[in-house]
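Single-structure report; data block below.
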Amino acid sequence: MKKQILVVALSTVLTACGGGGGSSSTPAPTPTTPTTPAPSEVTIIGAQSASVNEPVGLVAMLPDGQSGEAFDFSWTQTAGPTVNALATHSQVIGFDVKEAGDYSFQVEVTDSSGSVVTQNTFDFSASGDIKNAGVRLDHAVVEQGKVSLKADALPEYAIPNVTWTQIAGPTISTADLTIDEDDNLLFFDAPAVNADTLFQFEARIQLAETGEIITDEVSVLVKDATINNNGYFPSEDIIGRVVYNEMHAYRPDSAYANALESCVYNNTLANSCSFANLPLIGKVNSNPTVENVLDRLLVSHDWMGDRFKEYLETSVAAQDMLLLLKGVTAVVISYEVRPSFYWSATGAIYLDANNFWVYPEERDTLNDQPDFRSNFGNDLQFIMPWRYVRNGQNYLNRGSYPVEQRLSRSFEDVEADITWLMYHELAHANDFFPPSTHAGMATNTSPLAFSNSNPPTSNTFSQIYPLLSQELVSLAQVSFRGETANNTQKAYQASDIQQFFEPDNAAMYYSFSTTREDYATLFERFMMAYRFGAESDVAVLSRVNNPEFVVTWGQRHRINDPKLIERTKYTVENILPSLDADAIQATFNSPQLMTPGVSWFDNLIGSDKAGNIKQSGAVKAEDIQQYLRYPHMQLHNIQ
């Protein structure tokens, strides 16, 4: 591992899914390209034979573990039935074999000038035999990065047991391996390495229906990388994440490609780049087009850019998004971003690619390690779920796409998943860089310097419209920031939380985590109701002895509660002033109360004459199990 050391001082901090952070204002850093001699050859490692439905991986290795950091890799299929390999610019590609046949692949290695320095081909044959289970996905990862591997079977088979064994590479202690038996997942953090190093694992997968044991192997190439442990992203005091080192501009010919790769998301960044190098989109384009935005897109896999492009060209919310994107320097979509966030030190939004996948092969490329906040607040006696409802149905339909079914998502469901997230993160961006500031933004300053000198709009908002419950403010630090609950907090029942929350001014529990989240959530809720007719539900439930998730108290479309109308209007007028918030709010439905004593899942469809939400039918056992396994549901809209 190659290290650079540079101590940085922070004047603001990253907060949950949005917030500040950073260092001093400087020009764009010059990328450090290792002075590595061109490799004489590249070796491709893979199996010589396969079966239909088998996950296959091919690994491009340079001689003696030579680092691939200084080179680009490009894979091309040259023979055989077409496969869907989605990481064709990585050292490792993984894909499923769908048909029998003879396959051939070529990899080219190019230097920084684009010249091919070496290449090789690899052939294998696939028989017509069907493999009923396997492990996804062979891939490359940067040292110290997070790894997830998943054992899958054909939809008609269940997997009661998977046994994992490391079969190649320096031994990773079993204490450093995490096994999720419910989802047949293996997690670990890649070790530090001094050369590109291949790790391989074998999974013995049992099928419930036949008792058959299927063995499959999977490869993970851990890449040597240049890492500044005190840089913005690797530093434990700032973000604490080693970045995938194959991040790249979606549009390589963009005038901002080099600035994106230098200034936004990498393992050496330790300064906030000046606007001269990477200005706000709104500084350059007062009426941005889709092409203008795509020129600011940084991705880990090209399919993510394809989905984002499709969204901007097709969504009902596209015009809103183009206007809101004026407040960012860049958009980052990566397989390892979880949770999504905005950061004022770079002026960029960072989006979890799990919101963007359409095909199961795209989802295969994502990291399945849970949000680091997943276990926060487990000592508390209550939970506060939320969801969007449209036409009496859940509007975010992730639960309709079980991983094992390998279904493709409809555009409408992908649109819903992207839109609420974009409204939220772009509300943060326009909180720090409101529309009125874009045109006059000085090019010799930086996102961090500007945000340090100009407090976000949410500061004034919180002074005019403060939240009331200090109990919920303190509890939110437990649920969303990992603070330890005291005995008083551990003793609060759902009925206590109702008494704190119902008379207050917040849209949801998460609003109490920071004034930034309070501000952004109101805007997000308003826009989802306005553009899609999707109204939000929030409820208070007991975590204890409540297997059917019976509601203590709940409300739909809370942003149109009289207590919240002016607060919501303030966010809209400051973030998207082209909208007539008063006129739009006048068209909204009145809030509706849920029926206490009825399951959260049943409190869904329609309303009676008294304005109470009616029951919707039988509780689905799989829904309840999903909530029980993910007590952090208030962080994600789990459906």
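Computed about the Cα centre, the dipole magnitude for the chain is approximately 1940 debye when only Lys and Arg (+1) and Asp and Glu (-1) carry charge, each at its Cβ.
For the chain, averaging the sequence separation of C-alpha pairs within contact (under 8 Å, six or more residues apart) and dividing by the residue count gives a relative contact order of 12 percent. Free of any GluC sites (Glu not before Pro) that DSSP assigns to a loop and that have at most 16 other C-beta atoms within 10 Å, the longest stretch within the chain is 237-482. With a Förster radius of 56 Å applied to the beta-carbon distance between Ser127 and Asp379, the computed FRET efficiency rounds to 0.55. The mean sequence distance of close C-alpha pairs (under 8 Å, at least 6 residues apart), as a share of the length of segment 43-226, puts its relative contact order at 23 percent.
Of the trypsin sites (Lys or Arg not before Pro) found in segment 73-174, those that fall in a DSSP loop while having at most 14 other beta-carbon atoms within 10 Å are Lys98. Each label point was placed 7 Å from the Cα along the Cα-to-Cβ direction; for Thr443 and Arg531 their separation is 3.1 nm. Each of Gln144, Ser469, Trp600 was scored by the projection of its Cα onto the charge dipole of the chain, and the greatest displacement toward the positive side belongs to Ser469; charges sit on the C-beta of Lys, Arg, Asp and Glu.
Dividing the summed helix terms, -39500 (n - 2.57) for each DSSP H run of n ≥ 4, by the number of residues in the chain produces a 222 nm estimate of -7000 deg cm²/dmol to the nearest 500.
Taking square-rooted eigenvalues a ≥ b ≥ c of the alpha carbon gyration tensor, is segment 259-320 rounded, prolate or oblate, where a/c under 1.5 means rounded and, failing that, a/b exceeding b/c means prolate? Oblate. When the Cα positions of Val42, Asn487, Thr460 are compared along the charge dipole of the chain, Thr460 comes out farthest toward the positive end, with charges on each C-beta of Lys, Arg, Asp and Glu.
For a test of the definition: using alpha carbon positions, the gyration tensor, and the 1.5 limit on a/c, classify segment 43-226 as rounded, prolate or oblate. Oblate, because a/c is 1.5 or more while a/b does not exceed b/c.
Name the shape class, rounded, prolate or oblate, that the alpha-carbon gyration tensor gives for the chain, where a ≥ b ≥ c are the square roots of its eigenvalues, rounded holds for a/c under 1.5, and otherwise prolate holds if a/b is larger than b/c and oblate otherwise. Here the chain falls in the oblate category. Counting neighbouring beta carbons within 10 Å and listing from fewest to most, the residues Ser274, Ser219, Ser112 come out as Ser112, Ser274, Ser219. Averaging the sequence gap over all C-alpha pairs within less than 8 Å and six or more residues apart, then dividing by the number of residues, gives segment 356-434 a relative contact order of 40 percent. Annotation: the antiparallel percentage among DSSP beta bridges lying fully within the chain is about 80. Note on segment 430-527: with charges restricted to the Cβ of Lys and Arg (+1) and Asp and Glu (-1), its dipole about the Cα centre is near 220 debye.
A short reminder: the numbers here are calculations on the coordinates, not readings from a lab. The model shown is predicted, which means the values in this text are computed figures rather than measured ones. Neighbour counts run over all protein chains shown; Cβ positions are idealised from the backbone, glycine included.
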